[in-house]
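Notes for the one structure printed next.
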Amino acid sequence: MAEKAIVPVGVRLTTDIEYRPDRLNPYRARVRWFDPATKRRLSLSEGKADEDEAQEWLQSIIEAAEAGLSPSLATMKLAEYGNANMDLALRGLELKTLDPYLSGWRMRVVPALGHVAVRMITNGAVDRTVQNWIADELSRSTVKNTIAVLVRVMEQAVRDGIIKVNPARMTGWQKLYKQAEDELLDPRALALPDWETLLALADALVAASHDEYRGWGEVVIFAACTAARIGEISGCRVGDIDTTQWIWTVRRQTTPAPGGLTDKGTKGKRARKVPIVEEIRPLVAQRILSAGPNPDARLFTGPRGGRISTAVLRDATHWDNVVTKLGYEHLRRHDLRHTALTWFADAGVQVHVLRRIAGHGSLTTTQRYLHPDVHKITAAGAALSAHFNVLRAPRSLPSPIVMTR
């Protein structure tokens with residue numbers, strides 16, 4: 001395609017779009033310019049799926065140049081920019097704060113947003129990213145520190161003139177976190193409808209993964225039948241499974257930590273026992289056989305033997321794309337736990353037993369999984385009890401009669 005010369009303030013840009021039919025992204029958008037300082041001709045290019053995307057990319061470069069930014073700075077990815085400017089972004093912080101900030105940057109910000117150009121990061125992108133961190137069951141302090149380092153890096157981008165407003169300065173994430181902690185007001189609405197749907201989901205996730213690793217599907221099925229968190233499944237050892245009574249004693253969970261994943265106690269700080277239903281016993285037996293005789297061997301691992309996290313499961317299986325294609329775009333990894341608890345409740349498991357299986361601290365949280373009809377029945381019982389209390393209440397004595405002369 002023909003080149004077009006654009007003359008913004010201080011820099012002369014030449015842009016063109018080339019169609020290359022043999023490429024995955026066949027429209028190559030390219031911008032070239034002379035560096036005023038070195039007098040060298042420089043260029044940048046990116047492949048796009050269609051011509052409109054290519055034109056949008058070029059237009060963003062032109063607008064940045066008109067604002068006085070070089071094309072290389074305007075297209076710089078967040079990871080590259082943050083790594084180059086981290087000292088400036090974190091200046092003034094105490095040493096004890098640096099480690100959790102840098103850990104949040106390395107382990108969460110860069111994997112989630114590092115590939116996106118700084119100028120292309122929006123409020124919506126940050127909102128969705130934070131929601132994913134919360135859904136991945138990261139601790140409140142971890143989420144707070146991770147947002148904080150992202151805010152500082154983006155604030156430096158504001159000072160450099162790359163962006164005008166810091167999209168990472170968000171409010172209300174604590175409410176989202178509280179909502180996740182409470183497991184939502186209607187967790188039943190998040191559950192998968194039936195066993196066949198679960199198997200279809202597991203098969204689709206396996207098909208979408210690299211080398212079609214069957215272990216990802218087994219993790220999903222196990223989670224939806226045990227009401228366990230993904231971190232707890234990752235922390236499960238062969239010795240935690242009693243194959244005589246088919247009981248799993250949940251003792252630990254695998255969670256993100258500085259330096260990588262680590263094992264710690266369960267969320268409630270107490271071990272709990274979970275039944276292993278007949279439908280998944282062959283799966284569990286095969287996992288035990290594959291793990292070997294060591295009772296400390298992990299029951300579930302990644303394809304290379306590594307520890308699993310909800311983020312690892314999401315990325316390895318292209319979770320978001322798969323569930324959207326299946327019509328369950330709302331579905332998160334944690335909703336497998338909601339699925340199991342809903343199924344247990346519908347099977348008639350008594351609420352105090354369901355609470356033990358879930359490891360809930362509050363009975364109110366467990367009651368949210370009961371069928372609405374059960375709520376009506378218990379409400380009727382409460383109304384009758386209230387009526388009895390009124391009948392038992394002592395009647396007020398009549399006012400004394402005062403005699404007058």
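Just one of the numbered conditions (1) in contact with a helix residue (DSSP H, G or I) (Cβ under 6 Å, 6 or more places away or on another chain); (2) more than 27 Å from Asp136 (Cα to Cα) is not true of Arg108: (2). When Ile163, Ile61 are checked against the criterion of being outside any helix (DSSP H, G or I), among the hydrophobic types (A, V, I, L, M, F, W, C) and surrounded by 14 or more Cβ atoms within 10 Å (Cβ to Cβ), a single residue qualifies: Ile163.
Among residues of region 348-375 that are within 17 Å of Val274 (Cβ to Cβ), those with a beta-carbon under 6 Å from a residue that is part of a helix (DSSP H, G or I) and of a type in the set (Lys, Arg) at least six positions away or on a different chain give the pairs Thr366/Arg355. Is there a residue being part of a helix (DSSP H, G or I), in contact with a helix residue (DSSP H, G or I) (Cβ under 9 Å, 6 or more places away or on another chain) and surrounded by fewer than 16 Cβ atoms within 10 Å (Cβ to Cβ) anywhere in region 167-175? So far as region 167-175 goes, yes, one or more of its residues are part of a helix (DSSP H, G or I), in contact with a helix residue (DSSP H, G or I) (Cβ under 9 Å, 6 or more places away or on another chain) and surrounded by fewer than 16 Cβ atoms within 10 Å (Cβ to Cβ). Residues that are farther than 30 Å from Ile230 by Cα and at pLDDT below 75 within region 352-376 comprise just one, Lys376.
Restricting region 185-206 to residues that are in a helix (DSSP H, G or I) and open to solvent by less than 10 Å² (accessible area, probe 1.4 Å) leaves a set whose member that is nearest to Arg337 (Cα to Cα) is Pro187.
Within region 65-79, the residues that satisfy the criterion of being open to solvent by less than 60 Å² (accessible area, probe 1.4 Å), touching a residue at least 40 places away in the same chain (Cβ under 8 Å), of a type in the set (A, V, I, L, M) and over 17 Å from Asp16 (Cα atoms) are Leu69, Leu73, Ala74, Met76, Leu78.
Asp263: open to solvent by 20 Å² or more (accessible area, probe 1.4 Å) and of a type in the set (D, E, K, R), yes or no? Yes: the conditions hold for Asp263. With respect to Ile233, determine if the residue is at pLDDT below 95, open to solvent by less than 10 Å² (accessible area, probe 1.4 Å) and either more than 18 Å from the chain's Cα centre (by Cα) or not charged (D, E, K, R) (or both). Considered against the rule, which asks whether it is at pLDDT below 95, open to solvent by less than 10 Å² (accessible area, probe 1.4 Å) and either more than 18 Å from the chain's Cα centre (by Cα) or not charged (D, E, K, R) (or both), Ile233 comes out as no. For region 110-124, which positions are out of contact with any strand residue (DSSP E or B) (no Cβ under 8 Å at 6 or more places or on another chain) and assigned to a helix (DSSP H, G or I)? Of everything in region 110-124, those that are out of contact with any strand residue (DSSP E or B) (no Cβ under 8 Å at 6 or more places or on another chain) and assigned to a helix (DSSP H, G or I) turn out to be Val110, Pro111, Ala112, Leu113, Arg119, Met120, Asn123, Gly124. Condition test on Arg214, is it surrounded by fewer than 17 Cβ atoms within 10 Å (Cβ to Cβ), within 26 Å of Leu93 (Cα to Cα), of a type outside the set (Asp, Glu) and free of Cβ contacts under 8 Å to residues at least 24 places away in the same chain? When the stated conditions are applied, Arg214 does not pass them.
Summed over region 207-230, residues that are at pLDDT 95 or above, on the phi < 0 side of the Ramachandran plot and assigned to a helix (DSSP H, G or I) total 15. With a requirement of 3 or more residues that are open to solvent by less than 30 Å² (accessible area, probe 1.4 Å), the helices (runs of 4 or more DSSP H) lying completely within region 281-361 that satisfy it span 310-317, 319-325, 335-346, 351-358.
Here's the yes/no breakdown for (1) of a type outside the set (Gly, Ala, Ser); (2) open to solvent by 30 Å² or more (accessible area, probe 1.4 Å); (3) assigned to a helix (DSSP H, G or I):
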position: Ala84; (1), (2), (3): no, yes, yes
position: Leu93; (1), (2), (3): yes, yes, no
position: Pro100; (1), (2), (3): yes, yes, yes
position: Arg108; (1), (2), (3): yes, no, yes
position: Val126; (1), (2), (3): yes, no, yes
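On the given criteria, is Glu56 out of contact with any Cys (no Cβ under 9 Å at 6 or more places or on another chain), acidic (Asp, Glu), surrounded by 15 or more Cβ atoms within 10 Å (Cβ to Cβ) and at negative phi? The answer is no for Glu56. Residue-level check: of (1) within 20 Å of the chain's Cα centre (by Cα); (2) open to solvent by 20 Å² or more (accessible area, probe 1.4 Å), Ala271 misses just (1).
The values are calculated or read from the model by the stated rules, or taken from the named source; none is laboratory data. Not measured: the values here are computed from a predicted model. Here Cβ is always computed from backbone atoms with ideal geometry, including for glycine, and neighbour counts include all displayed protein chains. Heads up: the accessible areas ignore ligands, DNA and RNA and are worked out on the full protein's heavy atoms, side chains in. Shrake-Rupley method; radii C 1.70, N 1.55, O 1.52, S 1.80 Å.
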